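Read-outs throughout are calculated quantities, based only on the coordinates presented, and are distinct from any laboratory measurement. Quantities reported herein were computed from a predicted structural model and do not represent experimental measurements. Here Cβ is always computed from backbone atoms with ideal geometry, including for glycine, and neighbour counts include all displayed protein chains.
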Amino acid sequence: MTERRPWGSYTILEEAETYKVKRIEVLPAKRLSYQRHQKRDEHWVVVEGEAVVTVEGRDIPLSPGGSVDIPRMAAHRIRNPGKTPLVFIEVQKGDYFGEDDIIRLEDDFGRATG
């Protein structure tokens, strides 16, 4: 199942009771919301393109093969600073994975919630 978003798209690769795995593509010069999750931790691995990940206000540049852990309730976002698509794999770990567990602090597309 692939979902389109204003910043790109995501595809759910696998889902179980305690984890969910997504392939996420971010278009050039786009970024996801600055957000938090109450019910899950995340691990991101860049597989194509360049990324700048912000976790609690700290920028972390990542190239293919680079990864970052995002603890539950940490404010975070990913940005594609390049001219080609950014692709990364997101592994969510926790007990709930619904899109309504996203608390958007800032959003380029008018979807901020908190």
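Classified by the C-alpha gyration tensor, the stretch 1-68 has a rounded form. Its axis ratio a/c, with a ≥ b ≥ c, is below 1.5.
Divide the volume of the convex hull around the Cα atoms of the chain by the residue count and you get 91 Å³ per residue.
Using a cut-off of under 17 Å, list every residue of the stretch 80-114 whose amide N is near the label point 7 Å from the Cα of residue 69 along the Cα-to-beta-carbon line. Zone members listed by number: 90-95. Here the chain is assigned +1 on the Cβ of each Lys and Arg and -1 on the Cβ of each Asp and Glu. Its dipole about the Cα centre then comes out at about 300 debye. Considering only 98, 57, 66, the mean-square fluctuation computed in a Gaussian network model of the chain, springs between alpha carbons under 10 angstrom, is largest for 98. Sorting 78, 12 from the fewest to the most surrounding beta carbons within 10 angstrom yields 12, 78.
Our note on the geometry: Cα centres of the stretch 1-46 and the stretch 50-96, 10 Å apart.
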